[in-house]
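Here is the structure we will look at, set down as structure tokens.
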């Protein structure tokens, strides 16, 4: 009896303790959510502000309107947006193909140069990529892919060097049992058929993850994009174009326009991301950690 | 089978190589139209300076123009006007790109060949651009045009050594004071101390970007300090003559301390009135924004005077320019066309259009899209035109009486000189501490810019040598005290020359010009110990 | 240093083991260097022998081979074609043709100029008739270096292919002699999707990496040995040329030279210190806070798990240039936060988020947490759920409280799984250009460190400094290259140390 009572009490106590700790967890989560959301709510609200274009000390506009969006429409923003979208789309397709080739091979095949190749790429990755900008610019410039033609140039460079980022998807492929391949090989399938018919369907999460990250990358590409498209508005992407709006000589006129642009850029990417969030999580947990 | 892989890779690489091809072995084109060796004409005050001999410039030219975003539309209109109005048959097919004056030089230097043909830039970038070979030297006629049509203060900005490298576009890159009339009464605007007191009383800020050499140097100039730069014709810095670390400099340091030690000091030149400033020291570019922030309380004036030890000093500013640069061309005809266009764009009409008051909504052609920019013209006629002024420009004009024309300044100096204020701010304001800050500055300057003894002691040949007329120094090399010119010169009898040290006339031999007796090709040799010159015939 | 036996080692406390490991690593360095030396010597020895063998093989192939083989020495692929392997033969032949054409069309020029990086800089003329100066460009050091390097790559590829061609002839002869059939072009193609499938898959990615990553890095390393800068841009003003190790001397010497009264090495040291502090704090604040948030969301009884996650994940979804730039302006002196606080009357002066060195450093780390937590939360959520629940169950029965469970079970497990991730995250943060550049651009300026190499700020990392050097007033590309190489060295050393220390610690942890 007494023993039972004790357990009951302990049980009750635990429950109460749990409730209290849950309360604090909820409180903390709410605080965190507010902190995380605030900047995004602010940016949306400020994009509708009409009465002034510079930074002010309040958030809710005194006068609402679409002036800033109209201003966007009348600027080169359309071109930048289209450029970025093209780059993102092309990158999503091509980078995915390249990275999957790379990671699948390094995960599944055992050939003589595999070890040295992976070590070599690891070492390559330790060099700061920033410096190679100067020379990549020259190469692109000789190919005629700079300034007004920056879009194909940026796609080329982005895709060509994407093989280096194979770690995440290789980590994922490593988790698919090799016995599947072997069974299929015994049945007479070629390597290509194994990849196409057996592995790819299983690798759907990582394929979607790769597409998603490849698609999102170009939306934030600033430094190299500016280097390649310098001085030619028609070759800018959104980051390059909008960055200048926040420089000292323009911010007073363009701050709210930047907010509007930010909203327009963020909406499609965010929606896409949230829809595919599940795969993203599988990708990062399955691949990033084991890579 | 791995051979196939090797092949594919090699092929891909090679295709790229072939596509790029060698570009280094192209032949240089012979200079065009080099027949007449006459000097270019002395220009009059015409709108543009046509090249001599009525050279045919007609044709259609693709031209890329870089200008700040605000001026893009206006510049497009102006180019269209040039096409319809010029009598030389020139049609410009222009691409106008928004590139801010601050970025233009960096972008040009990134890749000169891909840069804009004409570009607006801030004058402090000129030496970088010359050094990078990114700006075309102006010919004799064009240089005369600039001399005859632009305000005096802008000329120094467009020059390096004795040569002009760019067209002055605006002469408004200076600073003065905007203030909030509700905080600073009209009678206080002349006194630095009164303004600080007013701000402190109202708990409003005083924005003065003293931690920036462009602003803090003005305080030193107010007390009579100077900081002069020497550049040669190639844009290289040859030295600095600077006395910030002096008794006069100490007075300036005290004035700086007065402000930076106050809680109301803000190191900024932005339009800060919305964030609690009552005074902002900045330039014409913030006029429209500040006007909209202050409304009826808008006030603008030249900088005030500060008082140290009973004596009053009016604060100085730099008077700087924006310039229009022309990219070096390998085709002389296109070069000439670009000169024509540059002269038109910096000419009276275009300057006036840019000058119109943006706040009043005045537009050059009635089209509200093409609002004036409020830029103060460098063109003399436009500057004197009453249509082209506004309150901010008027204040600038007033301040210009207390200003130093901004010369070409070495890029590193800005980073060094701005530290003076930081150090003063961190000090306790005692004379010793302020002096220490100035001494540190002088040491840093010396470490970077002092011309080495090697250069200071080197001798050069100067005179009517090699087609020059006492304006070019020819290098000499030495073996002990014996200096010999690097090149042999072909000289006629009666040619006069001298050898001088450190490119200055302080030490020059012989006292009277040396006169060549017999024509021939000689190396010039100097015995620095005796000052004797001998000619060594070249074989 | 005292050497422990295995048994002694196991008796040590965890901390002692850790320090022992680190000490052992550093004490092992001289030995490692010695062994590296011998490895290199042996490599050279075996290398020489291999080259000699290769030559012997080539000679015997030639002397013993039939006429088809002999012709193949000059006309690549001839042997293949003559023996019926048309496809292979044609590819060899085409490659040779292209190589020869290329070398005559330009490759020879680039190669011959590589020693000097060009002779003739630009020249200027004055046209008095048109009153215009004209500039004529001649050699271009940059292109000479670039295409010179490419040409060398190409020559190596050619030699390799030629050697392969010789080998194939020998092999074919052997196969024919033994009476077997040679592979047809069809067999070759089929094997590309089967036995040799990895070559097909890797061909394109590796070509891309070779041209757009390896070649630029080789070029970048070479630039460190030239005087390539704004005053010698190799094209429109002065050509640049080789200067040997001068640039390394400049960076590493303790004498002044940076102009701000401070030597480059002192500046480098200051920035490196902050870079390491930043990388450490950025990695571990994110790691622990991210784990904490993940645990909160995973806690039993917490509802709306998906909603919390989605809210946090927004910072991953929205492009950084928007979120970071916006936040940077929000905390600016005349930004929303300061203005709002002043309107409320809570402060009378703006808070110096980006103006004061300490404020700025704390601010970038805080905002980096905002950016980084969600990512870590996603990663750790998955791992946390994989921890066997019975571990916790038995711990609870043993009377362990929450904190003990965390330090004894959760943390070791997490560290075990995410060890490599932490390392990459650390080196990634060292090179975290975006966060610093978009938030502060390196500000506020560090006056003592600023000078000839441009303005240096208190929040500058090596990577942003490197960027500033190339875009600064003097555009010292050579110095940037040297700094780049230094960054590589630092990252490599850290990785090496951690790889040597970390796994051994992990292995000692006992989970079962």
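Only residues that are more than 10 Å from chain C (Cβ to nearest Cβ), at pLDDT below 90 and touching a helix residue (DSSP H, G or I) at 6+ places or on another chain (Cβ under 7 Å): list them for segment A:253-275, please.
A:254
Taking residue B:114 as meeting all but one of (1) out of contact with any strand residue (DSSP E or B) (no Cβ under 7 Å at 6 or more places or on another chain); (2) at the interface with chain C (Cβ under 10 Å from one of its Cβ atoms); (3) farther than 20 Å from residue B:378 by Cβ, write down the number of the exception.
Against the list (1) out of contact with any strand residue (DSSP E or B) (no Cβ under 7 Å at 6 or more places or on another chain); (2) at the interface with chain C (Cβ under 10 Å from one of its Cβ atoms); (3) farther than 20 Å from residue B:378 by Cβ, residue B:114 comes up short only on (2).
Inside segment B:142-171, can you point out the residues that are surrounded by fewer than 24 Cβ atoms within 10 Å (Cβ to Cβ), modelled with pLDDT under 90 and not in a strand (DSSP E or B)?
Result: B:151, B:152, B:153, B:155, B:156, B:161, B:162.
Looking at segment A:173-190, is at least one residue facing chain C (nearest Cβ under 8 Å) and touching a helix residue (DSSP H, G or I) at 6+ places or on another chain (Cβ under 8 Å)?
Yes, that holds for at least one residue.
Show the residue pairs meeting these rules: Cβ distance below 8 Å; 6+ apart or different chains; first residue within segment B:329-343 and more than 7 Å from chain C (Cβ to nearest Cβ); second residue in a helix (DSSP H, G or I).
Filtered contacts from segment B:329-343: B:341/B:79; B:341/B:82; B:343/B:142; B:343/B:145.
Could you grab me the full set of residues in segment B:65-77 that are surrounded by 19 or more Cβ atoms within 10 Å (Cβ to Cβ), at pLDDT 90 or above and more than 16 Å from residue B:356 (Cβ to Cβ)?
B:65, B:66, B:67 - these are the residues of segment B:65-77 that are surrounded by 19 or more Cβ atoms within 10 Å (Cβ to Cβ), at pLDDT 90 or above and more than 16 Å from residue B:356 (Cβ to Cβ).
Would you call residue B:293 surrounded by fewer than 23 Cβ atoms within 10 Å (Cβ to Cβ), in contact with a helix residue (DSSP H, G or I) (Cβ under 8 Å, 6 or more places away or on another chain), at pLDDT 90 or above and within 14 Å of chain C (Cβ to nearest Cβ)?
no
What residue, among those in segment B:51-64 that are within 23 Å of residue B:114 (Cα to Cα) and surrounded by 14 or more Cβ atoms within 10 Å (Cβ to Cβ), is nearest to the other protein chains (Cβ to nearest Cβ)?
B:64
Per-residue answers, yes or no, for (1) within 14 Å of chain C (Cβ to nearest Cβ); (2) in contact with a helix residue (DSSP H, G or I) (Cβ under 8 Å, 6 or more places away or on another chain); (3) farther than 14 Å from residue B:314 by Cα; (4) not in a loop (DSSP other than H, G, I, E, B):
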site	(1), (2), (3), (4)
B:177	no, yes, no, yes
B:183	no, yes, yes, no
B:193	no, yes, no, yes
B:199	yes, no, yes, yes
B:206	yes, yes, yes, yes
B:209	yes, yes, yes, no
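Could we say that residue A:281 is under 19 Å from the mean Cα position of the chain (by Cα), surrounded by fewer than 22 Cβ atoms within 10 Å (Cβ to Cβ) and at the interface with another protein chain (Cβ under 7 Å from one of its Cβ atoms) here?
Yes.
Which condition does residue B:287 not pass, out of (1) buried (at least 24 other Cβ atoms within 10 Å of the Cβ); (2) at pLDDT 90 or above; (3) within 30 Å of residue C:344 (Cα to Cα), if it passes all the others?
Every condition holds for residue B:287 apart from (2).
I'd like to know if segment A:120-135 contains one or more residues that are farther than 30 Å from residue C:489 by Cβ and free of Cβ contacts under 8 Å to residues at least 40 places away in the same chain.
No, the conditions are met nowhere in segment A:120-135.
Out of the residues in segment C:114-134 that are touching a helix residue (DSSP H, G or I) at 6+ places or on another chain (Cβ under 7 Å) and more than 7 Å from every other protein chain (Cβ to nearest Cβ), state the one that is farthest from residue C:239 (Cα to Cα).
Out of the qualifying residues, it is C:114.
Go through segment A:175-188 and give me each residue that's under 16 Å from residue A:205 (Cβ atoms) and crowded, with 17+ Cβ neighbours inside 10 Å.
A:176
If we only count helices (runs of 4 or more DSSP H) wholly inside segment C:409-499, which ones have 2 or more residues that are more than 26 Å from residue C:292 (Cβ to Cβ) and free of Cβ contacts under 8 Å to residues at least 24 places away in the same chain?
C:462-471
Determine, yes or no, whether residue A:145 is at the interface with another protein chain (Cβ under 10 Å from one of its Cβ atoms), under 23 Å from residue C:215 (Cα atoms), surrounded by fewer than 22 Cβ atoms within 10 Å (Cβ to Cβ) and touching a helix residue (DSSP H, G or I) at 6+ places or on another chain (Cβ under 8 Å).
no
Of all residues in segment B:305-320 being buried (at least 24 other Cβ atoms within 10 Å of the Cβ) and at pLDDT 90 or above, which is farthest from residue B:177 (Cα to Cα)?
Among those that are buried (at least 24 other Cβ atoms within 10 Å of the Cβ) and at pLDDT 90 or above, it is B:306.
Just checking, does segment B:226-238 include any residue being away from every other protein chain (no Cβ under 14 Å), over 30 Å from residue C:131 (Cβ atoms) and not in a strand (DSSP E or B)?
yes
Every residue, every condition in (1) more than 11 Å from chain A (Cβ to nearest Cβ); (2) surrounded by fewer than 22 Cβ atoms within 10 Å (Cβ to Cβ); (3) at pLDDT 90 or above, yes or no:
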| site | (1), (2), (3) |
| --- | --- |
| C:321 | no, no, no |
| C:327 | no, no, yes |
| C:330 | no, yes, yes |
| C:343 | no, yes, no |
| C:357 | yes, yes, no |
| C:364 | yes, no, yes |
| C:375 | no, yes, no |
| C:379 | no, no, no |
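Within segment A:111-131, is even one residue assigned to a helix (DSSP H, G or I), in contact with a helix residue (DSSP H, G or I) (Cβ under 7 Å, 6 or more places away or on another chain), more than 8 Å from every other protein chain (Cβ to nearest Cβ) and surrounded by fewer than 19 Cβ atoms within 10 Å (Cβ to Cβ)?
yes
Among residues belonging to segment A:76-109 that are surrounded by fewer than 20 Cβ atoms within 10 Å (Cβ to Cβ) and within 9 Å of another protein chain (Cβ to nearest Cβ), point out the one that is farthest from the chain's Cα centre (by Cα).
This residue is A:109.
If you scan segment C:120-144, which residues turn out to be at negative phi and in a loop (DSSP other than H, G, I, E, B)?
The answer is C:120, C:121, C:122, C:128, C:129, C:130, C:137, C:138, C:139, C:140.
Look at segment C:445-455 and say how many of its residues are modelled with pLDDT of 70 or more and in contact with a helix residue (DSSP H, G or I) (Cβ under 6 Å, 6 or more places away or on another chain).
Qualifying residue count, segment C:445-455: 2.
Residues are listed down the side, and each one gets a yes or a no for (1) within 11 Å of chain A (Cβ to nearest Cβ); (2) surrounded by fewer than 22 Cβ atoms within 10 Å (Cβ to Cβ); (3) modelled with pLDDT under 85; (4) touching a helix residue (DSSP H, G or I) at 6+ places or on another chain (Cβ under 6 Å):
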residue	(1), (2), (3), (4)
C:136	no, yes, no, no
C:144	no, no, no, yes
C:153	no, yes, no, no
C:169	no, no, no, yes
C:190	yes, yes, yes, no
C:201	yes, no, no, yes
C:205	yes, no, no, yes
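The values are calculated or read from the model by the stated rules, or taken from the named source; none is laboratory data. Keep in mind it's a predicted model, so treat the numbers as computed, not measured. Methodologically, a virtual Cβ is constructed for each residue, glycine included, from the backbone with ideal geometry; neighbour enumeration extends over all protein chains shown.
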